Amino acid sequence: MKFNKLFLSVSLFFISTGFSGFSVYSQPYASPVNIPPALSANFGELRSNHFHSGLDYKTQQVTNKPVIAIADGYISHISVSPGGYGLALYINHPATGHTSVYGHLNSFSKPIADYVKEKQYEQESYRIELYPEPGLLAVKKGQQIGLSGNTGSSGGPHLHFEVRDTQTHDPLDPLHFFSQTIPDTQKPDIRGIAFYPIGGKGVVNGSSDPLRLDIGKNNSGIPLALNQPVNAWGKIGIGVKAYDRMNGQSNIYGVKHVRLFVDEKQVFSSSINRFSFSKTRMLNSFIDFEEWRKRSSFYMKSFVEPGNRLNFYDAVNNGYIDITEERNYRMRYELEDHHGNTLIYSFVVKGQQQPISQAATCNNFMSWTLHNSFVDLDFMLDIPPENLYSNFCYTHRKISSAAYYSDIHQVNESPVPLHHNATIWIKLNADTLKNRKQYGIVEIGGTGNISWIGGTYKRGGVETSIRELGRRYAIDTDTVLPKITPVNPEKWVTTRRIQIRLTDNKSGISNFKGTVNGKFVLFSHDMKSSLYTYVFDDSRLEKGKTQELVFTATDGAGNTTEYRHEFLY
């Protein structure tokens, strides 16, 4: 059987993705942008609760740059959402077995836009997920498919671009295909090293608490030695805070390859070439989660917790280090980017016998292997299996409060990540509302600010789902209607667009709908703005008569507002 060069190179990629070093091979893909390529984010970069799944291409700080199909194929998925990727296109490329993804677009090309608009009117919804039949929206390599934008949860104009394995939907590092277009001779940058004594089994500098040390630099930018001696005994883990750099850019990026050596023996490595979306939340075990939550600082752990199933590790003894001799343990990190630029940082941990504190008595031990729960008269917590990455001791604290309809519940003192949902139930101290949909659980921040979580009334209390421990919750109410404000209605006809400002005080907008003369009209919106906009569509409007606009909105607590306005068009 004959194999062409493209098939062979793609096959070699899938064989190679488990290894940290392999050469970039020729590829058939065009650049997704037709401007000089520059990145604001790379693949595998550490984000809140997930790894970044692609490359973010800069678009010269503006929107509406042409976005290009990287190869022949067909559009397999179209997503329109006020959050997430905003306006996004997915193109299947059967010749390579890949799917390319283009997110945060400002607009689609006309054939795609017309198809989307037709489906939005059919479903009477701005938010929509479409899966066109193969071949219905075919594209050619180099064809413009849209314009770059800033839609969805984007923090500024750019193109989010991915390459996925079509069969598994796993994202792959696009630099395997595009690195030759993005020159990079900059080494990664190390910022700190952390030491984690394992409870009841290890100690560092006389303590069972983590020791996190910043690493400074000299005038030449060379990393300095650790700013204090590190003495350890027993079982410990180590972590590193580091970022990558690229030529001509001020951004910081994720480090692709991390390797830890002890006495010249490699004990840990991680190489982020691909991952599964079902495991991306395991980033919270890849990092020092408590440090991230408390100080927004990313330390990458060089050890693997038992509930962590990420498959890009190679570790001896799961990366844990046993300090059992009174001597210097020579250690070094090798931090390498996709282009092979490598930073080497050496340091010493001195083995020194010192007392290891026994783990404190735990009244609410929770095992990463089990179904865990905590039950009290006015609070319940249920954590299904496969939620925890390691064992921990659960703590609960209740605080009386007249500001809420329940006590305030501190659900564990320290932050603990959950891979899926856990359920909490809080008892109402005062069940006074006739409309019980208006009750909801709120999260109370450190400054007293609240975020509406919501939930369902059940057994004299409210039940809801949470995704991590270590936060405070109570029951509040939302009885205030959403606020609908017309924006310059006197100009609607001359500008041929209707704009509504829609806000809610607490639980957020759950759904909305606009009609003109009883027929659905398409209002677009984006999560970064309270404006909702309808552009007149003469194919759907009967001109030369009085038009009646009806706009309704419902918030997360079920409160509904209706706005009516007549105009001549």
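Listed by position, the strands (runs of 3 or more DSSP E) inside the range 104-174 whose residues that are surrounded by 15 or more Cβ atoms within 10 Å (Cβ to Cβ) number at least 3 are 144-148, 158-165.
Scanning the range 526-538 for residues that are under 23 Å from GLU566 (Cβ atoms) and not hydrophobic (A, V, I, L, M, F, W, C) yields TYR532, THR533, TYR534, ASP537, ASP538. Scoring PHE298 on the criteria (1) part of a helix (DSSP H, G or I); (2) buried (at least 20 other Cβ atoms within 10 Å of the Cβ); (3) not acidic (Asp, Glu) leaves a single failure, condition (1).
When GLY97, GLY83 are checked against the criterion of being on the phi > 0 side of the Ramachandran plot and surrounded by fewer than 21 Cβ atoms within 10 Å (Cβ to Cβ), a single residue qualifies: GLY97.
Residues checked against (1) hydroxyl-bearing (Ser, Thr, Tyr); (2) out of contact with any Phe, Trp or Tyr (no Cβ under 6 Å at 6 or more places or on another chain); (3) closer than 22 Å to ARG191 by Cβ:
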residue	(1), (2), (3)
VAL267	no, yes, yes
ILE272	no, no, yes
LEU283	no, no, yes
PHE286	no, yes, yes
GLU291	no, no, yes
SER302	yes, no, yes
ASN317	no, yes, no
ASN328	no, yes, no
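Among the candidates THR361, THR369, the residue that is surrounded by fewer than 17 Cβ atoms within 10 Å (Cβ to Cβ), hydroxyl-bearing (Ser, Thr, Tyr), modelled with pLDDT of 95 or more and assigned to a loop (DSSP other than H, G, I, E, B) is uniquely THR369. The residues on offer are LEU105, LEU159, and the sole one that is under 20 Å from the mean Cα position of the chain (by Cα) and farther than 30 Å from ASP538 by Cα is LEU159. In the range 430-457, which residue that is β-branched (Val, Ile, Thr) and closer than 20 Å to ALA402 by Cβ is surrounded by the fewest Cβ atoms within 10 Å (Cβ to Cβ)? Across the range 430-457, the extreme among qualifying residues is THR447. So, SER208, is that one over 28 Å from the mean Cα position of the chain (by Cα) and over 26 Å from GLY83 (Cα atoms) or not? For SER208, the condition - over 28 Å from the mean Cα position of the chain (by Cα) and over 26 Å from GLY83 (Cα atoms) - is met.
Select from the range 290-320 the residues that are of a type in the set (A, V, I, L, M, F, W, C) and in contact with a helix residue (DSSP H, G or I) (Cβ under 9 Å, 6 or more places away or on another chain) and write down the one among them that is farthest from LYS256 (Cα to Cα). Per the stated criteria, the residue is TRP292. The set of residues in the range 159-187 that are touching a strand residue (DSSP E or B) at 6+ places or on another chain (Cβ under 8 Å), β-branched (Val, Ile, Thr) and more than 24 Å from ALA242 (Cβ to Cβ) comprises VAL163, THR166. For the range 20-52, filtering for residues that are at pLDDT below 95 and either hydrophobic (A, V, I, L, M, F, W, C) or in a strand (DSSP E or B) (or both) leaves 2.
The values are calculated or read from the model by the stated rules, or taken from the named source; none is laboratory data. Since the structure is predicted, the reported quantities are computational estimates derived from the model, not experimental observations. Every residue, glycine as well, gets a Cβ built from its backbone with ideal geometry; the counts of neighbours run over all protein chains shown.
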